[in-house]
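This report concerns only the one structure given below.
The values are calculated or read from the model by the stated rules, or taken from the named source; none is laboratory data. Note that the coordinates shown come from a computational prediction; the quantities given were computed from them, not determined experimentally. Positions of Cβ are backbone-derived with ideal geometry, glycine not excepted, and every protein chain shown enters the neighbour counts.
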Amino acid sequence: MPSSQHFIQNPILPGFNPDPSIVRVGSDYYIATSTFEWYPGVQIHHSRDLVNWRLACRPLSRASQLDLRGEPDNCGIWAPCLSYADGLFWLIYTDMKRKSGSFRDSHNYLVTAPAIEGPWSEPVFLNSSGFDPSLFHDDDGRKWLVNMLTDYRARPSRFAGIVLQEYDAASQRLVGPVTNIFKGSHFGWTEGPHLYKRGGFYYLIAAEGGTGYEHAVTMARSASITGPYELHPDLAVVTSRYAPDAELQRAGHGDFVETAHGETYLVHLASRPIPGLRRSPLGRETAIQKCAWSEDGWLRLECEKYTPQMCVPAPDLPIHTFPVEAEKVRFAPGDLPAPFQWLRTPYPERLFSLTERPGYLRLHARESVGSWYEQSLIARRQTGFDYDAETEVEADPKNFMQLAGLIAYYNRSAYHYLALTWDDSVGACLQVITCNGEWPNAATYLGLEEPVAVQAGKPVAMRIEVRGTALRFFWRQDGRWQRIGPVLDASALSDECGEGQNTRSPLSFTGVGNFTGAFVGMAANDVGGLAMPADFSYFSYVNL
């Protein structure tokens, strides 16, 4: 029967879920989003009504598919493209090894699977000429790869247009000439291409204007796949650049899908800055807009021109809900609970175990906070502006180089960490370590004139309370909760802060060079190399 759920509330994928690519297979809808340096790579969510979504899988889960060790913050998996043809799911993605300076090392790969849960194949290397690759399956059976082209010689932008090349599935390689089919609009920074065919035209949508506050989804079309492409008369299909007060900002990088009833929906990334402050701790999220094809054959939003809406009409589909995520997780042998990820390494057994002490998540303390190689940090996305998170840790630090506890983390230059550690004056103790986005001053003790002593060998419960820009830590050991440390700046854990950003003038800042989002979780570090074990009995997260 038709849905009585008439509206979709944005964002549909809250928290760090950028660069959405959507595909419909029968009555099922799937969205793939970028994961950058977080492992396993690529998040794929599933829905049957475009309203309710669940995490279906993270397909890049083994060393032969993906190894991110040594990759800088904001590198790793960029802009996956998910499609379905010939009885297979096709997933195209970039592994960005370097993004700073003139040069970029962006390697593009393809994996396939007969079902969304897998098994996913070994990767096929495609090219390294640019990032954001996308595969188009034409109705004549041919397949075409598009990606943005990087030109290290160009100034001020190294974005040199969208290139097209045929992919031969039988030989698993690109063949034929490379054609630059679209140089982009005056918005510049042309990336995120997707090709479609409709009514005798090839339609190309692109992400332009950079992924900051002038971001946009633009469109062009041509009677030939190789061009020339004419721009949409409105240029943008969706953008927030003309609506600085809109709740959804930085709207861009989109993909569209049609329902079985012929309704058209466009998914796109967007951010929700803290009101009055251009900082987005929730990162770039996935939103959806209802669209319509105008008489002139161009796609437009059904609502206000350009501007993304928080609430949009739902399609005429039956309601299909999924189990609600548990607020409190108690650890058991098996797989890591679905919300959690770790950083970079394809060898998680060196970071954690769910079997060494049944009923606990054991972290093997490895390198320092912010390491690009082997950091024992198990965390989940922040998905609300106000939340409480709590855990309990049992560890036995013997020196100041050993730490374990509760952390709110963005990257190596933006985090707040309540750590159980050691101080020679008091023994086992608690300490707050924080970095507000400034580099290289990436670890500063704040607000504690003396370490807070705790009883050695006994569990310590820890809690974070975040209320907008304010972050507070609490702890207890056989008693009531106690505050520890000063009120910290939660907004520093945002795309607009961190290394290379303008942290002093956030209100005037328009560009963004960080691309992930805030996480909260459990950490253990042993910079002396002794791999201190730290056991966590539970983890809870509640949006308020």
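What is the residue count in the stretch 289-303 for residues that are assigned to a loop (DSSP other than H, G, I, E, B), of a type outside the set (Gly, Ala, Ser) and either free of Cβ contacts under 8 Å to residues at least 12 places away in the same chain or within 21 Å of Asn17 (Cα to Cα) (or both)? Outline the logic, then answer.
Step one: filter the stretch 289-303 for residues assigned to a loop (DSSP other than H, G, I, E, B), giving 294-298, 302-303.
Checking the rest, the ones that are also of a type outside the set (Gly, Ala, Ser) come to 295-296, 298, 302-303.
Okay, now just the ones that are also either free of Cβ contacts under 8 Å to residues at least 12 places away in the same chain or within 21 Å of Asn17 (Cα to Cα) (or both), so 295.
Result for the stretch 289-303: 1.
For the structure I just gave you, tell me whether Gly210 is surrounded by 21 or more Cβ atoms within 10 Å (Cβ to Cβ), under 23 Å from the mean Cα position of the chain (by Cα), in contact (Cβ under 8 Å) with a residue 40 or more places away in the chain and part of a loop (DSSP other than H, G, I, E, B). Yes. Confirm whether Gly370 is modelled with pLDDT under 95 and closer than 20 Å to Asn411 by Cα. For Gly370, the condition - modelled with pLDDT under 95 and closer than 20 Å to Asn411 by Cα - is met. Show the residue pairs that are 6+ apart or on different chains and have beta-carbon atoms under 6 Å apart, the first residue being within the stretch 424-441 and exposed (fewer than 14 other Cβ atoms within 10 Å of the Cβ), the second being in a strand (DSSP E or B) and modelled with pLDDT of 90 or more. Here the result reads Val426/Ala453, each pair linking the stretch 424-441 to a residue that is in a strand (DSSP E or B) and modelled with pLDDT of 90 or more. Taking the stated definitions as given, is Pro337 at pLDDT 95 or above and within 20 Å of the chain's Cα centre (by Cα)? In short, yes. No other residue among Arg48, Arg104 is over 27 Å from Gln375 (Cα atoms) and in contact (Cβ under 8 Å) with a residue 12 or more places away in the chain apart from Arg48. Here Gln172 passes the criteria (1) crowded, with 18+ Cβ neighbours inside 10 Å; (2) under 17 Å from Tyr109 (Cα atoms) except the one numbered (1). Here Leu91, Leu68 are screened, and the one residue that is surrounded by 22 or more Cβ atoms within 10 Å (Cβ to Cβ) and either closer than 24 Å to Arg412 by Cα or not assigned by TED's automatic domain parsing to the domain that holds Val23 (or both) is Leu68.
Kindly indicate whether Gly118 is over 21 Å from Trp342 (Cβ atoms) and in a loop (DSSP other than H, G, I, E, B). Don't jump to the end; show me each part of the working.
On the way: over 21 Å from Trp342 (Cβ atoms): no; in a loop (DSSP other than H, G, I, E, B): yes.
When the stated conditions are applied, Gly118 does not pass them.
The condition (being more than 20 Å from the chain's Cα centre (by Cα) and part of a loop (DSSP other than H, G, I, E, B)) is satisfied by just one residue among Ala246, Ala220: Ala246.
Return the residues of the stretch 27-69 that are in a strand (DSSP E or B) and farther than 28 Å from Pro315 by Cα; say none if nothing qualifies. Result: Phe36, Trp38, Tyr39, Gly41, Leu60. Here Asp495 meets each of (1) surrounded by 14 or more Cβ atoms within 10 Å (Cβ to Cβ); (2) at pLDDT 95 or above; (3) not hydroxyl-bearing (Ser, Thr, Tyr) with one exception, condition (2). Do we find a residue being in the same structural domain as Leu420 (by TED's automatic domain parsing), on the phi < 0 side of the Ramachandran plot, surrounded by 15 or more Cβ atoms within 10 Å (Cβ to Cβ) and part of a strand (DSSP E or B) anywhere in the stretch 349-357? Yes: the stretch 349-357 contains one or more residues that are in the same structural domain as Leu420 (by TED's automatic domain parsing), on the phi < 0 side of the Ramachandran plot, surrounded by 15 or more Cβ atoms within 10 Å (Cβ to Cβ) and part of a strand (DSSP E or B). Filter the stretch 262-283 for residues that are in contact (Cβ under 8 Å) with a residue 12 or more places away in the chain and either within 27 Å of Glu230 (Cβ to Cβ) or not in a loop (DSSP other than H, G, I, E, B) (or both) and give the result. Glu263, Thr264, Tyr265, Leu266, Val267, His268, Leu269, Ala270, Ser271, listed by residue number.
Quick one: would you say Ala379 is at pLDDT below 95 and within 24 Å of Ser34 (Cα to Cα)? No, not satisfied.
In summary, Ser27 fulfils each of the numbered conditions (1) within 25 Å of Ser271 (Cβ to Cβ); (2) out of contact with any strand residue (DSSP E or B) (no Cβ under 9 Å at 6 or more places or on another chain); (3) of a type outside the set (Phe, Trp, Tyr) with the single exception of condition (1).
Just to check your reading of the model, which residue among Ser121, Ser64, Ser128, Ser83 is modelled with pLDDT of 95 or more, farther than 21 Å from Leu164 by Cβ and in contact with a strand residue (DSSP E or B) (Cβ under 8 Å, 6 or more places away or on another chain)? After applying the criteria, what remains is Ser121.
If the requirement is being surrounded by 13 or more Cβ atoms within 10 Å (Cβ to Cβ), in a loop (DSSP other than H, G, I, E, B) and either of a type in the set (S, T, N, Q) or in contact with a strand residue (DSSP E or B) (Cβ under 6 Å, 6 or more places away or on another chain) (or both), which of these qualifies: Thr321, Thr286, Thr345?
Details: Thr321 fails: surrounded by 13 or more Cβ atoms within 10 Å (Cβ to Cβ); Thr286 fails: in a loop (DSSP other than H, G, I, E, B).
Checking each option against the conditions leaves just Thr345.
Just to be sure before I move on: is Pro228 outside any strand (DSSP E or B) and farther than 17 Å from Thr307 by Cα in the structure I sent? Judged against the criteria, Pro228 is a match.
Assess whether Asp151 counts as being over 30 Å from Thr264 (Cα atoms) and charged (D, E, K, R). So Asp151 fits the description; yes.
Kindly evaluate Gln501 against the criterion of being at pLDDT below 80 and surrounded by 15 or more Cβ atoms within 10 Å (Cβ to Cβ). Here the answer is yes, as Gln501 does meet what is asked.
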